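The structure is given below, and queries will be raised subsequently.
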Amino acid sequence: MGSHTTESSFRVIGTRPIRHDGVEKVTGRAKYGADYYVAGMLHGKVLRSPHAHARIKSIDFSRALALPGVKAVVTGKDLPEGENKTVPLGEMTVNPRYLGQNILARDKVLYYGHAVAAVAAISPHIAEQALELIEVDYEVLPPVLSVEQAMAEGAPILHPDLRNEELGDVPTNVAKHVVLTRGDVEAGFREAHFIVEREFRTSMVHQGYIEPHNALAIYNADGKATIYCSTQGPFEVRGMSAAVLGLPVGSIKVVPAEIGGGFGGKTTVYLEPLALLLAMKTGQPVKMVMTRSEVLRATGPTSGSLIRVKMGCTKEGKITAAKIWMAYEAGAFPGSPVGAATMTVLAPYAIPNVQIDGYDVVVNKPKTAAYRAPGATNAAFAAETVIDELAELCGIDPLDIRILNGAREGTPHPAGPPYRRIGFIETCEAIKASEHYRSNLEGPNRGRGVASGFWFNAGMQSAAVVNIHLDGTASVVTGSPDIGGTRAACAMIAAEVLGLNVEDVRPVVTDTDSIGHTDVTGGSRVTFATGMAVFRAAEDALAQLKERAAKLWECKVEEVEFRDGKFYCKTNNATPLSVSELAKRLPRLGGPVTGRATVNARGVGPSFATCCIDVEVDPETGRVQILRCTVAQDAGRAIHPAYVEGQMQGGTAQGIGWALNEEYIYDSDGHLMNSTLLDYRMPTCPDLPMIETIIVEVPNPGHPLGVRGVGEVSIVPPPAAIANAVYRAVGVRMTELPMSPARLWKAIAQKESTRSGLGRAQHG
Amino acid sequence: MRKVAVQTTLNGEPVEFLCEPRQSLLEVLRDVLNLTGTKEGCLTGDCGACSVLFDGRVVCSCLVLGVEAQGAQIQTVEGLAHGNELSVLQRKFLEHAALQCGICTPGFLIAAKALLDHNLNPSESEVRYALAGNLCRCTGYDKIVRAVMDAAKEMREREAYG
Ligand code: FES
Ligand code: FES
């Protein structure tokens, strides 16, 4: 496992301590959302639509309510209608009406699995029985299942009130059209010697966290509520639940349980407001846990897409122009990540002439949720495949074309100001220099592919408190749920600043009443932004400790120095004190020390990753075996390298699943055909090789420790890298995800029968 | 529904519980016996989060009925450590950072134990196939496989020298 490390003088940062929450997690003691039980608790279950698109004519739940043990039934009528406009929520925005309608359908069901009613009963089995007694009268409507269908003239309309600025006062399924331009594309294509134009398709895919959604809501007679749940964003759960139920935000406390994966899919609400609604109705605590089939039918996924790319370059490989058209499925309500897709698709490159059109399109499928670098993977699959083809036409190495056109400090980002210091080229160079890339790949039906990816990373709001205990240990309190080792990173940052052993710093993730507003664990932001708050809170604690030492030594605070874990007085020769020696004396020096800081973090440093994958294709079956895989990613600074590698490996594995097997399969009526983990096929242990990692460290100038954030970008390159590898293995360009055995087998058979290329390469 | 009394051995201790005939072993462990270390990910036998040892064999406890535990030896994640001493596998999972969210970890520990109980010298591919019934979405399996191989190595050395 390589590492391109800058010289470092850190004591704790860059080491690999055992994570603080580890023992609880290997002994089964850690409490995830579903592990909470309280006395008198009821169990909630949801009735879901059997149709992809239908009007709800009536709902009769009298027989369900009459079943012994059933305490309440709620439907969409029990939710306030909510305002139909985007309202800010932290730095996110939500449309309370759409959010409410996704939680419980009102007049129409918009996808197979859309929640229609919810029941609370004394056992989960009775609640399930009750669902069967609810009678819903539907008027079934024709479903819209693809962006082409949705955008076609005369398409069935999902939301009669949906308008888009461009079209004016006409009902439409296109919620938004975003445009990004620079230079003059047509002029750029005239300068090109080679032009490649292709169309790509990707299916909806799910985040696939192993832990289903859960919530336990308690409502007290004084109007105060508590929700326990596994979420990436306790403050978002609080805000969204309040918005959906029309409650004051301050009446809800959210306690984040341990979380069994999220990948973006647990940044919104499904069960939380429902459990609270049922608790309000019954006066008893209500617990709800989804089944896997509910998770797949009604949460997540990320968008399927249709993307057309036209790109041209000179003989030498300099890209002169790119024109991209992309339509993303938003699912049943507006809000696909197409905006991010337009901004990420060409972000690794300096291309003078660009035109990108993106469409956010509603279809009768579940409302999409964020998924690791949302929007970027679909887009990179398209663009990075075309770049590979250009490299081939020019006869240059696919890494060299990336380096030749690569963005560096000062390159204008397509959607914003010029980049500060970034590490894209470094990731390409790291792969180029790797033993993997320099090794020979021999044997029939084998091929090697590379691809790159970009993700913005996020800043946003975080708060942190550092408490110095009397024995000289410390606790670090934050509001960022820990999905992949961020507690350890926060403790390490505090330990570094305070000169403590990392084991002596206890990291705590607390509830929404006990810490300042903290935005979601998402956007790769926790180690960056919450880490920044922890860094400052620790500095604040240190400054206070210096004051106490000055008091003890009766000197000026400026005369107190802190180095190598000890306080010194520069002017008298008092015996130096360690943090723990000073902490012991705090009761007589003014009382406890608590450092605190809040940030609305600026200075986000984007991440780039480049990936190299070797495959072997079985031409008889179309199955692709991954032989070897190496990923290089710029972390800025790796606080805990093992968990940085973990993010890189996990993201890469998800990218591989997306590339080869994962997809939402619908029948023509819009029923999801593969809502189990047997049929929604995620990578298993024997499907993957070891995933080799190269951590590149180009410090982010916007962070006191150089951190960029590492959670997302590694998912972006694998689909294109695999498509490029498959091309080198068997000579077919795959333009549709996933490259499942059936699809690849067909493509190989077609090539055999026509023996003509699929691409349209032309000389300009 | 009438409940049935079931006598079983759980993590080495005799245990008696009452359960409905329709309740799975997973439900019994979690909802009746309060052993929430065994996790639910799918209820269809596809994810392995609910893995336990049943008479020494790995099973998905979501696919076993509680009443089937009558007279059996059941082992769960809660029984892996010896008092305050973690098992070698548990320690190696921590040292190798083989967990991120940790929801799959109990199941992997159980499946890995079942492998090492009868093969202390597994190849990488044997480890991968022994863990094929357990899904992890966070790690890409790399560090899990390394942790299991390293645990096997330490246990081999212990056996040889100690
Ligand atoms: S819960 Fe039993 S296999 Fe998934
Ligand atoms: S660590 Fe999260 S599923 Fe394995």
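The values are calculated or read from the model by the stated rules, or taken from the named source; none is laboratory data. Keep in mind that this is a model prediction, so the values were computed, not measured. Every residue, glycine among them, receives a Cβ derived from its backbone with ideal geometry; neighbour counts consider all protein chains shown. These area figures cover heavy atoms from the full protein model, side chains too; ligands, DNA and RNA do not enter into them. Shrake-Rupley method; radii C 1.70, N 1.55, O 1.52, S 1.80 Å.
Mind checking which helices (runs of 4 or more DSSP H) fall wholly inside region A:5-119 and carry at least 3 residues that are open to solvent by less than 50 Å² (accessible area, probe 1.4 Å) and within 14 Å of chain B (Cβ to nearest Cβ)?
In region A:5-119, the matching helices (runs of 4 or more DSSP H) lie at A:22-26.
Any chance region B:44-58 includes a residue that's at the interface with another protein chain (Cβ under 10 Å from one of its Cβ atoms) and away from ligand 2 (no atom under 16 Å from the Cβ)?
Within region B:44-58, one or more residues are at the interface with another protein chain (Cβ under 10 Å from one of its Cβ atoms) and away from ligand 2 (no atom under 16 Å from the Cβ).
How many residues are in contact (Cβ under 8 Å) with a residue 12 or more places away in the chain, at the interface with another protein chain (Cβ under 7 Å from one of its Cβ atoms) and away from ligand 1 (no atom under 16 Å from the Cβ) when one looks only at region A:669-688?
1
Filter region B:78-125 down to the residues that are of a type outside the set (A, V, I, L, M, F, W, C), in a loop (DSSP other than H, G, I, E, B) and at pLDDT 95 or above, then identify the one that is most open to solvent (accessible area, probe 1.4 Å).
B:121
If you don't mind, there's one more thing I want to ask. How about region A:246-276: which of its residues are of a type in the set (A, V, I, L, M) and more than 14 Å from chain B (Cβ to nearest Cβ)?
Scanning region A:246-276 gives A:247, A:249, A:252, A:254, A:255, A:269, A:271, A:274, A:275, A:276.
Would region A:534-546 turn up any residue that is within 25 Å of the chain's Cα centre (by Cα) and farther than 19 Å from residue A:14 by Cβ?
no
If you don't mind, another one. How many residues does region A:617-662 contain that are facing another protein chain (nearest Cβ under 8 Å), under 30 Å from residue A:701 (Cβ atoms) and in contact with a Leu (Cβ under 7 Å, 6 or more places away or on another chain)?
Here the count works out to 0.
Only one of these conditions is not met by residue A:643: (1) open to solvent by 10 Å² or more (accessible area, probe 1.4 Å); (2) more than 18 Å from the chain's Cα centre (by Cα); (3) among the hydroxyl-bearing types (Ser, Thr, Tyr). Which number is it?
(2)
Can you tell me which residue within region B:24-47, out of those that are at positive phi and either basic (Lys, Arg) or within 11 Å of ligand 1 (Cβ to nearest atom) (or both), is most open to solvent (accessible area, probe 1.4 Å)?
So the residue we want is B:43.
In the set A:691, A:695, which member is open to solvent by less than 10 Å² (accessible area, probe 1.4 Å), within 11 Å of another protein chain (Cβ to nearest Cβ) and under 16 Å from residue A:427 (Cβ atoms)?
That would be A:691, the only listed residue that is open to solvent by less than 10 Å² (accessible area, probe 1.4 Å), within 11 Å of another protein chain (Cβ to nearest Cβ) and under 16 Å from residue A:427 (Cβ atoms).
Here are some residues: B:146, B:137. Which one is part of a loop (DSSP other than H, G, I, E, B), within 16 Å of ligand 2 (Cβ to nearest atom), open to solvent by 10 Å² or more (accessible area, probe 1.4 Å) and not acidic (Asp, Glu)?
B:137
Go through A:571, A:621 for me and flag whichever is open to solvent by 40 Å² or more (accessible area, probe 1.4 Å) and either among the hydrophobic types (A, V, I, L, M, F, W, C) or in contact (Cβ under 8 Å) with a residue 40 or more places away in the chain (or both).
Exactly one of A:571, A:621 is open to solvent by 40 Å² or more (accessible area, probe 1.4 Å) and either among the hydrophobic types (A, V, I, L, M, F, W, C) or in contact (Cβ under 8 Å) with a residue 40 or more places away in the chain (or both), namely A:621.
Pairs only if they're at least six apart or on different chains, beta carbon under 7 angstrom, first in region B:19-34 and assigned to a loop (DSSP other than H, G, I, E, B), second surrounded by 21 or more Cβ atoms within 10 Å (Cβ to Cβ) and of a type outside the set (Asp, Glu); list them, first residue then second.
B:23/B:66
Please list, ordered by first then second residue, the pairs with beta carbon atoms under 8 Å, 6 or more apart or interchain, first in region B:110-123 and closer than 12 Å to residue B:156 by Cα, second of a type outside the set (A, V, I, L, M, F, W, C).
B:116/B:122; B:117/B:56; B:119/B:126; B:120/B:156; B:120/B:159; B:121/B:156
Table: residues versus (1) more than 22 Å from the chain's Cα centre (by Cα); (2) surrounded by fewer than 24 Cβ atoms within 10 Å (Cβ to Cβ); (3) in a helix (DSSP H, G or I).
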| residue | (1), (2), (3) |
| --- | --- |
| A:647 | no, no, yes |
| A:650 | no, no, yes |
| A:653 | no, no, yes |
| A:659 | no, no, yes |
| A:662 | no, yes, no |
| A:670 | yes, yes, no |
| A:674 | yes, yes, no |
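Starting from residues that are outside any helix (DSSP H, G or I) and of a type in the set (Asp, Glu), keep the ones in region A:539-563 and report whichever is most open to solvent (accessible area, probe 1.4 Å).
A:554
Taking residue B:102, is it assigned by TED's automatic domain parsing to the domain that holds residue B:138 and within 16 Å of ligand 1 (Cβ to nearest atom)?
Yes; evaluated as a whole, the condition is true for this residue.
Applying the selection to region A:145-154, what residues are over 30 Å from the mean Cα position of the chain (by Cα) and either of a type in the set (D, E, K, R) or open to solvent by less than 20 Å² (accessible area, probe 1.4 Å) (or both)?
Selection gives A:153 alone.
Out of A:243, A:257, which single residue is within 16 Å of ligand 2 (Cβ to nearest atom) and either within 23 Å of the chain's Cα centre (by Cα) or open to solvent by 10 Å² or more (accessible area, probe 1.4 Å) (or both)?
A:257
I need the full set of residues from region A:270-312 which are among the acidic types (Asp, Glu) and more than 21 Å from residue B:47 (Cα to Cα), in order please.
Across region A:270-312, the qualifying residue is only A:272.
Scan region B:96-107 residue by residue and report those that are of a type outside the set (A, V, I, L, M, F, W, C), over 16 Å from residue B:78 (Cβ atoms) and facing chain A (nearest Cβ under 7 Å).
Residue satisfying the conditions is B:100 alone.
Would you point out the residue of region B:58-75, among those that are away from ligand 1 (no atom under 13 Å from the Cβ) and within 20 Å of residue A:26 (Cα to Cα), that is least open to solvent (accessible area, probe 1.4 Å)?
B:74
Being among the acidic types (Asp, Glu), crowded, with 23+ Cβ neighbours inside 10 Å and more than 20 Å from residue A:35 (Cα to Cα): is that true of residue A:236 here?
For residue A:236, the condition - among the acidic types (Asp, Glu), crowded, with 23+ Cβ neighbours inside 10 Å and more than 20 Å from residue A:35 (Cα to Cα) - is met.
Taking into account only those residues within region A:199-210 that are in contact with a Lys or Arg (Cβ under 8 Å, 6 or more places away or on another chain) and either open to solvent by 10 Å² or more (accessible area, probe 1.4 Å) or more than 10 Å from chain B (Cβ to nearest Cβ) (or both), which is nearest to residue A:262 (Cα to Cα)?
Here the residue is A:204.
Residue under question is residue B:63, and the condition is that it be farther than 25 Å from residue B:117 by Cα and either away from ligand 2 (no atom under 16 Å from the Cβ) or within 11 Å of another protein chain (Cβ to nearest Cβ) (or both); does it hold?
no
Let me ask something else about it. Which of the residues spanning region A:260-279 are over 20 Å from the mean Cα position of the chain (by Cα) and small (Gly, Ala, Ser)?
Correct list: A:275, A:279.
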